[in-house]
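Peer 1: First, the structure itself, so that you have it in front of you.
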Amino acid sequence: MDCKTIDGNLFGQLLESGYHALAKNFQAINDLNVFPVPDGDTGTNMKMTFESGLSQKSESNYISEVASSFAKGMLFGARGNSGVLSSRYFNGLAKGLENHKEASVFDFALAMVEAYKIAYQAVDTPAEGTFLTVAREGIETIRNTIDYKTVTFSSFFAMVVDAMKISLDNTPNLLPILKESGVVDSGGKGLLTIFEGFLSFFTGDDNGDYDLDVHESTSSSLPHYDFSLFNENSVLEYGYCTEFLLQLQNSKIDIPSFDLSSFIGWLHEHGNSIVCFQNGTIVKVHIHTKKPYEVIEYAQRFGEFLTFKMENMALQHNNVLDKKEKLAKTKKKFAVVAIAQGNGVIQMFKDLGADVVLNGGQTMNTSSAELIYAFKQANAEDIIVLPDESNILMAAHQAADLYKDSRVRVLETKTIPAGYASLMMMVGDDESADDCYDSMKDANDHITSGFICKSIRDTTVDGIKCVKGNYIEGVDRKLVGCDADILSAVDDMLAHVPDMEDRESLFFFYGQMVKKEDAEKIQKHIEEKYPQLEVAAYDGKQDVYDLLVGIN
C-alpha cells in the first residue's frame, strides 16, 4: 500500500509496526553496548518505553490525538537515557502534528524537525555520534531535496531510512570510543529500527512474529490493595479493569478477515477506556467494563487468551482515596528515594534510612512512572532522589519535573557506592532538607567508585584489550584494565585511584558470583597492601558486577 497522507488510524498502525521492529531487534541493539559488560540495555529500554506509549495510544482518527497520547505514554514509561530521548523525540513529533486530523509528507517532515530539536533540548551537552545525530541527519539531509507534490509516504520513509543508515554508519567517526569498539551508536540504531518498522508497514515486510506483550513492571513498588475496602455492603460503581492478550485461532475464524475496527467498535458499546491493537495474530485489549463476562465471551469467538488480568476498579478507587487520606495526615518533612540492584544492597540502603528503594539499575533501568509512584509512597514535603546509575539520571530528572506534590531534587549519584556513601551522611529528621541534601552531596562529591566484572567478549576499549572471561576493572565508570585474576584486577583498579596512598577507607559490595570466603580473601589482600585503609566487605548480591567498590 501507499499514500500521500496519514490519519490517526494509519499513524497508530505505523507506531505498532515500529514497535514490531524494536521487538524483533532489541537484543541486537543491546549487543552494541560499548563496554563488554552484561548490562547493555538500550534496546530493552527503547522497546519498553515504546510499549508504554502503545498502552496509552488513542484510537482517534486525528493524527494529533494519537501522537499526543502515545507521547504521553512514553513520557511516563521512559526508561534509561535512550528511553528518555525516545520519549522526547516523539513528544516533539506530537508537537509538530498538533491540530492535524491528517498529515502530508511535508507536515510529517516538519514534525520530524521539531522532534529532533526537542530531543536535543533534553541533553545539557548534546554529543554528536549518538541518537541525536541520527535523528537530525535523518531528516535534514533529505528534506530540501523532496518533491512534496509527488512524494508518497513509502518513498519518504525509504529516503529517511537511507539517510539514517548513512548517519548511523558515520557515528564511529564522531565518537572515537565507538570506532575503537567496532560498533555504531546503539541509540541511533534503535531510532533507525523504528523507522525501518514504519517503512516495512508500506513494503509488507512486517510479519508480526515477535514478543509483543506490553511490559508489566516487576518493581516492588507496585501497589497492594486492601480488600477490606470492598465488602459485602459495597455497590459496584466503577466496573472492572480487564486486560488480556488474545491469540486469534484458525479453528474459530478466518484470521485474514478479522476486522479489528469492528472488534473495537463492539468493545466501545460494552465499556470505556479502551486500548486495543493487533500485532500479527495476537490482539491486546484493555477495557473498563461492569460486565467482563460479556467481553470474555465475545473475545473467545475469535480465539483464546494468552494472558488475562481483571481488577475491581472500585477497590482501586477506594484504595487510592484511603491512601490519600492517610498520607495527608502523615506527610514527612523529607524523604529519600533510592535505586539499587541486589537484595543485599537494597536492604542496606533501607537500613541506612532510604524511605523507598526501587529495584533497578544496569539491566532494568527504572522508569519515570515508577519513580513518580515512589515519590507518592515517600509522601514528604521534600524528596531527595539517588539514581545510583548514570543511565537513570534523565528519567529521574524527568520524573522530578513531572511531580508537583513535593519539592523533588535529584542528587546525581552515578554508582551504587556513591549512593551508599551519600546515605551514610544523611542527617536525621530534625535537620532541614537543605542540610540533608548538602551533607549527602558532599559525600557524593568526594567518593571514588570502582567496579570489577568479567568481560563478555573480546574487544578493545580506550586502548585496553579486554579478553572474554577475564576481569575488567574501572574507576568512576572509566575502564582502566583487564586481568585474568580477580586479585590482580583489584590491584590494577586501585592503582588507578587518584591519591590512593592518602585514602582512609574502602568498602565493597560483592555479587552473587563471589563466594563469601573469596570476598574475605579480597578484603584481607587490600588490608595488607594498604594498611592505612579501613576496609569493609558487604554481601550485595548484585548480578552484574563481581565487585562494586567505594573509596574515601
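The values are calculated or read from the model by the stated rules, or taken from the named source; none is laboratory data. Since the structure is predicted, the reported quantities are computational estimates derived from the model, not experimental observations. Ideal geometry is used to build each Cβ from the backbone, glycine not excepted, and the neighbour counts take in all protein chains shown. What goes into the accessible areas is simple: the full protein's heavy atoms, side chains included, and nothing from ligands, DNA or RNA. Shrake-Rupley method; radii C 1.70, N 1.55, O 1.52, S 1.80 Å.
Peer 1: Filter the stretch 170-186 down to the residues that are in a helix (DSSP H, G or I) and of a type in the set (Val, Ile, Thr), then identify the one that is surrounded by the fewest Cβ atoms within 10 Å (Cβ to Cβ).
Peer 2: As a first pass, look at the stretch 170-186 and keep what is in a helix (DSSP H, G or I): 170-174, 176-181, 186.
Then keep just the ones that are of a type in the set (Val, Ile, Thr); that gives 171, 177.
Values: Thr171: 24, Ile177: 14.
Looking at residues that are in a helix (DSSP H, G or I) and of a type in the set (Val, Ile, Thr), I get Ile177.
Peer 1: Any chance you could count how many residues in the stretch 527-552 are under 15 Å from Asp491 (Cα atoms), among the hydrophobic types (A, V, I, L, M, F, W, C) and open to solvent by 10 Å² or more (accessible area, probe 1.4 Å)?
Peer 2: 3
Peer 1: Please list, ordered by first then second residue, the pairs with beta carbon atoms under 8 Å, 6 or more apart or interchain, first in the stretch 132-152 and open to solvent by less than 10 Å² (accessible area, probe 1.4 Å), second assigned to a helix (DSSP H, G or I) and among the β-branched types (Val, Ile, Thr).
Peer 2: Thr133/Thr171; Val134/Thr171; Gly138/Val160; Ile139/Val113; Ile139/Val160
Peer 1: Go through Ala489, Ala495, Ala484 for me and flag whichever is closer than 16 Å to Ile464 by Cβ and without any contact (Cβ under 8 Å) to a residue 12 or more places away in the chain.
Peer 2: Working: Ala489 fails: without any contact (Cβ under 8 Å) to a residue 12 or more places away in the chain; Ala484 fails: without any contact (Cβ under 8 Å) to a residue 12 or more places away in the chain.
Of the residues listed, the single one that is closer than 16 Å to Ile464 by Cβ and without any contact (Cβ under 8 Å) to a residue 12 or more places away in the chain is Ala495.
Peer 1: If you go through the stretch 31-52 one residue at a time, how many are at pLDDT 85 or above, open to solvent by 10 Å² or more (accessible area, probe 1.4 Å) and out of contact with any Lys or Arg (no Cβ under 7 Å at 6 or more places or on another chain)?
Peer 2: 4
Peer 1: Taking Ser82 as the residue in question, decide whether it is open to solvent by 20 Å² or more (accessible area, probe 1.4 Å) and of a type in the set (Ser, Thr, Tyr).
Peer 2: So Ser82 fails the test.
Peer 1: Name every residue in the stretch 445-463 that is in a helix (DSSP H, G or I) and either at pLDDT 95 or above or among the charged types (D, E, K, R) (or both), in order of residue number.
Peer 2: Narrowing the stretch 445-463 to residues in a helix (DSSP H, G or I): 445-446.
Scanning the stretch 445-463 gives a single hit, Asp445.
Peer 1: What pairs come out if I take residues in the stretch 85-109 that are at positive phi and open to solvent by 10 Å² or more (accessible area, probe 1.4 Å) and pair them with residues that are in a helix (DSSP H, G or I) and among the acidic types (Asp, Glu) whose C-beta lies under 9 Å away, six or more apart or interchain?
Peer 2: As it stands, the answer is none, since no pair meets every condition given.
Peer 1: If you check every pair at least six apart or on different chains, which have Cβ atoms under 7 Å apart with a residue in the stretch 432-460 that is closer than 15 Å to Val385 by Cα first and a residue that is at pLDDT 90 or above and assigned to a helix (DSSP H, G or I) second?
Peer 2: Met440/Ser422; Ala443/Ala421; Ala443/Ser422; Asn444/Ala418; Asn444/Ala421; Asn444/Ser422
Peer 1: Among the residues of the stretch 397-413, write down those that are in contact (Cβ under 8 Å) with a residue 40 or more places away in the chain and surrounded by fewer than 19 Cβ atoms within 10 Å (Cβ to Cβ).
Peer 2: Matches in the stretch 397-413: Leu402 only.
Peer 1: List, please: which pairs have Cβ atoms under 6 Å, are six or more places apart or on different chains, and start with a residue in the stretch 528-552 that is of a type in the set (Phe, Trp, Tyr) and end with one that is in a strand (DSSP E or B) and at pLDDT 95 or above?
Peer 2: Going by the 6 Å Cβ cut-off, the qualifying pairs are Tyr538/Phe509; Tyr545/Phe451.
Peer 1: Quick one: which residue in Ile464, Ile452, Ile486 is aliphatic (A, V, I, L, M) and open to solvent by less than 10 Å² (accessible area, probe 1.4 Å)?
Peer 2: Only one candidate qualifies: Ile452.
Peer 1: For the subset of the stretch 468-483 comprising residues that are of a type in the set (Asp, Glu) and open to solvent by 10 Å² or more (accessible area, probe 1.4 Å), which member is nearest to the chain's Cα centre (by Cα)? Before you say what the answer is, go through the steps one by one.
Peer 2: If we filter the stretch 468-483 for residues that are of a type in the set (Asp, Glu), which is where we start, we get 473, 476, 483.
Now restrict to residues that are open to solvent by 10 Å² or more (accessible area, probe 1.4 Å): 476, 483.
Numbers: Asp476: 23, Asp483: 32 Å.
Selected residue: Asp476.
Peer 1: Scan Phe202, Phe195, Phe156 and give me the residue that is surrounded by fewer than 22 Cβ atoms within 10 Å (Cβ to Cβ), touching a residue at least 24 places away in the same chain (Cβ under 8 Å) and assigned to a helix (DSSP H, G or I).
Peer 2: Only one candidate qualifies: Phe202.
Peer 1: Closer than 30 Å to Leu547 by Cβ and buried (at least 20 other Cβ atoms within 10 Å of the Cβ) - does that describe any residue in the stretch 59-77? Explain how you work it out, then say what you get.
Peer 2: Step one: filter the stretch 59-77 for residues closer than 30 Å to Leu547 by Cβ, giving none.
Within the stretch 59-77, none of the residues are closer than 30 Å to Leu547 by Cβ and buried (at least 20 other Cβ atoms within 10 Å of the Cβ).
Peer 1: Among the residues of the stretch 86-103, are any among the charged types (D, E, K, R) and within 19 Å of Ser167 (Cβ to Cβ)?
Peer 2: Yes, the stretch 86-103 contains at least one residue that is among the charged types (D, E, K, R) and within 19 Å of Ser167 (Cβ to Cβ).
Peer 1: Within the stretch 490-518, can you find the residues that are open to solvent by 100 Å² or more (accessible area, probe 1.4 Å) and farther than 22 Å from Leu479 by Cβ?
Peer 2: Once the filter is applied, which keeps residues that are open to solvent by 100 Å² or more (accessible area, probe 1.4 Å) and farther than 22 Å from Leu479 by Cβ, the stretch 490-518 yields Glu501, Asp502, Glu504, Gln512, Lys515, Lys516.
Peer 1: Quick one: which residue in Met364, Met394 is in a loop (DSSP other than H, G, I, E, B), at pLDDT below 90 and either closer than 16 Å to Met440 by Cβ or open to solvent by 10 Å² or more (accessible area, probe 1.4 Å) (or both)?
Peer 2: Working: Met394 fails: in a loop (DSSP other than H, G, I, E, B).
On inspection, the qualifying residue turns out to be Met364.
Peer 1: A further question on this structure: Could you go through the stretch 427-441 and let me know if any residue there is in contact with a Pro (Cβ under 9 Å, 6 or more places away or on another chain), open to solvent by 10 Å² or more (accessible area, probe 1.4 Å) and of a type outside the set (Asp, Glu). First the steps, then the outcome.
Peer 2: Within the stretch 427-441, the subset in contact with a Pro (Cβ under 9 Å, 6 or more places away or on another chain) is none.
Checking the stretch 427-441: not a single residue is in contact with a Pro (Cβ under 9 Å, 6 or more places away or on another chain), open to solvent by 10 Å² or more (accessible area, probe 1.4 Å) and of a type outside the set (Asp, Glu).
Peer 1: Please tell me if Ser167 is touching a helix residue (DSSP H, G or I) at 6+ places or on another chain (Cβ under 9 Å), open to solvent by less than 10 Å² (accessible area, probe 1.4 Å) and either assigned to a helix (DSSP H, G or I) or aromatic (Phe, Trp, Tyr) (or both).
Peer 2: yes
Peer 1: Taking the stated definitions as given, is Ala335 more than 22 Å from Tyr19 (Cα to Cα), modelled with pLDDT of 80 or more, part of a loop (DSSP other than H, G, I, E, B) and open to solvent by less than 60 Å² (accessible area, probe 1.4 Å)?
Peer 2: no
Peer 1: OK, next. Could you check Asp458 against (1) acidic (Asp, Glu); (2) more than 34 Å from the chain's Cα centre (by Cα); (3) open to solvent by 60 Å² or more (accessible area, probe 1.4 Å) and say which number it fails?
Peer 2: (2)
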